[in-house]
Amino acid sequence: MPELASRAHIQNIVPVVEIALREAGCEKNEIDAIAFTQSPGLIGSLLVGAQFAKSLALSLNKPLIAVHHMQAHVLANLIEDPKPAFPFLCLTVSGGHTQIVLCESPVQLKVIGETIDDAAGEAFDKSAKLLGLPYPGGPLIDKYAQQGNGNRFNFPEPQIPGLNFSFSGVKTSILYFLNNAGKSNIYKQEFTATEKERDLFIQENLADICASIQQRIVSILLNKLKKASIETGIKNICIAGGVSANSGLRNALIEMGKKYHWQIHIPAFQYCTDNAAMIAITGYYKYLANQFADLSVTASARAEW
Ligand code: KG4
Ligand code: ZN
């Protein structure tokens, strides 16, 4: 509901900033610069934040810094000590993006691989929807998967060249698998199971289905990350974004790190999903690099990064 989201932003932005300043024990005139999210996102909400930040910067005579949401997810790894050493690779996995980012410094970042269709978070959420689970389904698949056997059902791993990802084939394969009550992943003229048979199959096998879906999504992500590490020779590895809260991904990454002698860095849970601290830390590094915006800057729903 984009319109309701922007209205909620208008109602909350002044009280939220006031509470943040009070809790930080900081006066307005002590602020060094104002950072805000420029892109990507719901345009109405972004405009509220951008307009507020510009007005505040103008009235306080402070520099303004425009932040890209995906750079901020990556730099969430720099909020707490110990920080990862540069250069590092970051697997950024959220509801809208799946990227492998090569980071030479906080402000020199390059996307070296990304999804050509659905994002990893979407793959979790859409699979959950097929299973009749509510949105967002990622955390629920994670929860049920913990009691299941991930080797029980086999979903195909797509063969995409280079470091790019694809998740739409896995989603389609899950759709056919469920509508054939587990007998096949292939669509033949019509689905072989009735709605009742499908629902019963899901009910009786939910944990194993969730574990198998999660295992496949995680293996797609980590196989590309392994390839990126081999191609670049970089063994400092970070993850970011909402899906990096997934316990299967975190555990498999730790195991892979031991096997390939990687230095792994995983942000605390509260810095994985969307948060304001990641915008602030990005503002800090852009401030050090003199990367300021002027008052003509505008929000954008999907600006390139
Ligand atoms: O980064 P984020 O909070 O928001 C975006 O910028 O998109 O990511 C949200 C995504 C959703 O797709 C949600 O299902 C997924 O992160 N997610 C998870 C888990 N926690 C959040 N997916 C799998 N396992 C989790 N534990
Ligand atoms: Zn996000």
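Remarks
- Rounded to 5, percent antiparallel among DSSP beta bridges of the chain: 50 percent
- Rolling a 1.4 angstrom probe over the chain with all protein chains present gives an accessible area of which 54% lies on carbon and sulfur atoms.
- P(r) for segment 106-154, from all Cα pairs and a bin width of 5 Å, is 5, 17, 18, 20, 14, 10, 8, 6, 2 %, short bins first.
- Model label sites at ALA20 and ALA303, defined 7 Å from Cα along the beta-carbon direction, differ in position by 1.7 nm.
- Binning the alpha carbon pair distances of the chain at 10 angstrom intervals from zero yields the distribution 6, 25, 30, 22, 13, 4, 1, expressed in whole percent.
- Ligands, DNA and RNA are left out, and with a 1.4 angstrom probe the accessible area of segment 22-117 is 45 Å² per residue.
- Once the Cβ-Cβ distance of ASP32 and ARG7 is raised to the sixth power relative to R0 = 22 Å, the FRET efficiency obtained is 0.10.
- Based on every Cα atom in segment 159-241, Rg and the maximum pairwise Cα distance Dmax equal 16.7, 51 Å.
- For GLN263, the residues 5 or more places off, or on other chains, whose built amide H falls under 5 Å of its own are ASN236, ILE237.
- Divided by 2.2 N^0.38 Å, where N counts the residues, the Cα radius of gyration of segment 226-278 comes to 1.19.
- Solvent exposure of segment 194-237 amounts to 47 Å² per residue of accessible area, where only protein heavy atoms count and the probe is 1.4 Å.
- Springs between Cα atoms under 10 Å define the GNM used for the chain, and in it the highest mean-square fluctuation of LEU109, LEU253, LEU133 occurs at LEU133.
- Each of LEU78, GLY137, GLN99 was placed along the dipole of the chain (beta-carbon charges, centred on the mean Cα), and the one lying farthest toward the positive end is GLN99.
- Extension gain from GLU197 to LYS110, taking 0.36 nm per residue of separation minus the Cα-Cα distance: 26.6 nm
- Pairs from the list LYS143/LYS258; LYS62/LYS286; LYS171/LYS259; LYS235/LYS258; LYS224/LYS258 with a Cα-Cα gap above 19 Å: LYS143/LYS258; LYS171/LYS259.
- Our coupling estimate for segment 147-155, obtained by passing each phi through the Karplus curve with A = 6.51, B = -1.76, C = 1.60 and θ = phi - 60°, is 9, x, 9, x, 8, 5, 10, 10, 9 Hz, Gly and Pro reported as x.
- Using θ = phi - 60° in the Karplus curve 6.51 cos²θ - 1.76 cosθ + 1.60, the 3J(HN,Hα) couplings for segment 118-126 round to 6, 7, 4, x, 5, 4, 5, 5, 6 Hz; x is entered for Gly and Pro.
- Ordering of 20-27, 110-117 by packing [mean C-beta count within 10 Å, highest first]: 110-117, 20-27
- Shape of segment 1-145, Cα gyration tensor, a/c cut at 1.5: oblate
- Under 5 Å from the amide H of GLU114 lie the amide H atoms of ILE100, ASN164, PHE165, each residue being 5 or more positions distant or on a separate chain, with H modelled from the backbone and absent for Pro and chain starts.
- Derived scalar couplings between HN and Hα for segment 252-259 equal 5, 5, 4, 4, 5, x, 5, 5 Hz in order, rounded to whole Hz, by the Karplus curve 6.51 cos²θ - 1.76 cosθ + 1.60 (θ = phi - 60°), x for Gly and Pro.
- Rg in Å to one decimal, and Dmax rounded to a whole Å, for segment 77-134 via C-alpha atoms: 14.8, 43
- Extent of segment 163-202 along its three principal axes (Cα atoms, max minus min coordinate, largest first): 40, 22, 13 Å.
- Using equal-weight Cα scatterers in the Debye expression, the normalised intensity of segment 73-215 in log10 at q = 0.10, 0.14, 0.15 Å⁻¹ is -0.42, -0.73, -0.81.
- Segment 153-305: proportion of alpha-carbon pairs further apart than 23 angstrom, %: 57 percent
- FRET E, pair GLN263, GLN159, Förster distance 41 Å, beta-carbon r, rounded to 0.05: 0.90
- For ALA293, residues with placed amide H under 5 Å, excluding near neighbours: LEU64, ILE65, ALA66
- Among the cysteines of the chain, those whose beta-carbon sits 4.7 Å or more from every other cysteine beta-carbon are CYS26, CYS103, CYS210, CYS272.
The values are calculated or read from the model by the stated rules, or taken from the named source; none is laboratory data. The structure presented is a predicted model; accordingly, all values stated were derived computationally and were not measured. Note that each Cβ is placed from the backbone with ideal geometry, even for glycine, and that neighbours are counted across all protein chains shown. All accessible areas refer to the heavy atoms of the entire protein, side chains included, with ligands and DNA or RNA removed. Shrake-Rupley method; radii C 1.70, N 1.55, O 1.52, S 1.80 Å.
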